[in-house]
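K.L.:
The structure's right below; bear with me while I get my questions together.
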Amino acid sequence: MSDHPSTFDATPVNSDEDAWDDAAALHEADDGQGVLDSAKALRRGSFADMIRYLTRLPEEEREKYVIQKAGDRQYTADEAEGLAARPDFPKS
């Protein structure tokens, strides 16, 4: 899941390790991104923490948000739910 470039040749890291501790932020799904995108984060923490937070929201609220992980990859609520259900997802 580690999808940020390495420092060698700027190629994606392919270590098969899960990056649950990568930096991540919760954003409104339609916040427009742009130059000030990082300032629009509603909450910050590890990738696992943001997944936990998003999946604990009421179901009707979840679709309003996305998780932006290091490397600018965005995860929808559906993707976060799938990740939270994995057997290797950190419990806390």
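K.L.:
For R56 and D30, what does the FRET efficiency come to when R0 = 22 Å and r is the distance between their Cβ atoms, rounded to the nearest 0.05?
P.N.:
Computed FRET efficiency for R56 and D30: 0.55.
K.L.:
Name the lysines eligible as straight-distance cross-link partners of K91: C-alpha to C-alpha under 27 Å, and not fewer than 8 places from it in the same chain.
P.N.:
Here the lysines satisfying the reach criterion relative to K91 are K64, K69.
K.L.:
L42 to E63: extension gain in nm, 0.36 nm per residue of separation minus the Cα-Cα distance?
P.N.:
Contour length minus Cα-Cα distance gives 6.1 nm.
K.L.:
Taking the Cβ of each residue in K40, K91 as the centre, tally the other Cβ atoms inside 10 Å and list the residues starting with the fewest.
P.N.:
Least to most surrounded, the residues fall as K91, K40.
K.L.:
What does the extension gain come out to for E79 and D21, with contour length at 0.36 nm per residue minus their alpha carbon separation?
P.N.:
So the chain would gain 19.2 nm between E79 and D21.
Throughout, read-outs are computed from the coordinates displayed, never taken from laboratory work. Every value quoted in this text rests on a predicted model; they were computed, and no experiment measured them. Here Cβ is always computed from backbone atoms with ideal geometry, including for glycine, and neighbour counts include all displayed protein chains.
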